[in-house]
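Notes for the one structure printed next.
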Amino acid sequence: MKACESCTDRVNIGCHHKQMPVWSRAVGLLFIYLPILTLPFVIASAYLTYFSLKLVGAQNVKTWGDFLPARSSHRYDLKSQITMDGSFKLSMSQSKLFWILNCTWYCPYSVGLFEWHAYMVKVVENWWCPFTHDRKNSYTQGAIDQSFWHIYPEEKAKLHEEDKSNPIFTADPDA
């Protein structure tokens, strides 16, 4: 059995990369970095979500920094950064600065930003919509003390029994 065939829960990329034409890999690399142009909008969206939660009374909301790796956990700095042998003379993979900017800044800050934003959207979903569906269990990272519906006894009474006591949006199901 080939390595790629044994990884049913993984994305198969390494086993196919070298078989892809150079033009395809170059365009793929370009597509990785073009979203940098959208980061200001994603950052604005995340902060709008953050402040909307704060304005409706949320406390203990995680910040972007909570989703970033500690600087000290990075294995390399500019002095010790390893590089790859490039497949052509001007390949960025030969540059220490490229790897530092990519692996120390772009990737962890982007991943952290999207994880932070997804976390807050789950908090918002749990706050406004305490209605169970088949994906709700994946919202546990955004668990809250009570939903908007739970703070009004007459509205809570309208909820399905399972929604009244779901621990994702009810810290004390018996209250």
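The values are calculated or read from the model by the stated rules, or taken from the named source; none is laboratory data. This is a predicted model, so every value here is computed, not measured. Note that we place each Cβ from the backbone using ideal geometry, even for glycine, and neighbour counts take in every protein chain shown. Accessible surface is based on the protein model in full, side chains and every heavy atom, while ligands, DNA and RNA are left aside. Shrake-Rupley method; radii C 1.70, N 1.55, O 1.52, S 1.80 Å.
Between Leu29 and Ser72, how high is the FRET efficiency from 1/(1 + (r/R0)^6) when r is the Cβ-Cβ distance and R₀ = 41 Å? Nearest 0.05.
Working: r = 29 Å, r/R0 = 0.71.
In this case the efficiency is close to 0.90.
As a calculated quantity, the FRET efficiency between Phe148 and Val11 at R0 = 35 Å, using C-beta atoms, amounts to about 0.40. Please say if the stretch 89-175 is rounded, prolate or oblate, where rounded means a/c under 1.5 for a ≥ b ≥ c the square roots of the C-alpha gyration tensor eigenvalues, and otherwise the choice is prolate for a/b larger than b/c and oblate otherwise? Because a/c hits 1.5 or more and a/b exceeds b/c, the stretch 89-175 counts as prolate. The H on the amide N of Gln146, modeled in the peptide plane, is under 5 Å from the matching H of Ala171, each at least 5 residues off or on a different chain. Approximating the spin labels as points 7 Å out from Cα along Cα→Cβ, the Ser93-to-Gln141 distance works out to 3.0 nm.
Per the Cauchy relation, a quarter of the hull surface: what is the mean projected area of the convex hull of the alpha carbons in the chain, in nm²? Please report the intermediate quantities before stating the final value.
Values: hull surface 59.8 nm².
Its Cα hull, projected and averaged over all orientations, spans 15.0 nm².
Averaging the sequence gap over all C-alpha pairs within less than 8 Å and six or more residues apart, then dividing by the number of residues, gives the stretch 50-175 a relative contact order of 19 percent. Note on the chain: with neighbouring protein chains present and a 1.4 Å probe, carbon and sulfur make up 63 percent of its accessible heavy-atom surface. The calculated FRET efficiency for Asp85 paired with Glu161, based on their beta-carbon distance and R0 = 41 Å, is about 0.05.
The string of couplings for the stretch 68-84 from the Karplus curve (6.51, -1.76, 1.60, θ = phi - 60°) is 9, x, 4, 3, 5, 7, 6, 6, 10, 10, 4, 5, 9, 4, 7, 10, 10 Hz, one whole number per residue in order, with x for Gly and Pro. Full extension of the chain segment joining Cys103 with Ile43 gains 19.7 nm, where the gain is 0.36 nm per residue of separation less the Cα-Cα distance. Taking Val42, Val27, Val124 in turn, the Gaussian network model of the chain (Cα-Cα springs below 10 Å) assigns the largest fluctuation to Val27.
Between Lys62 and Ala118, the modelled labels are 1.1 nm apart [label points 7 Å from Cα along Cα→Cβ]. So what is the diffusion coefficient of the stretch 31-79 in µm² per second by Stokes-Einstein at 4 °C and 1.567 mPa s, using a Kirkwood Rh over Cα pairs? The calculation lands on 96 µm²/s.
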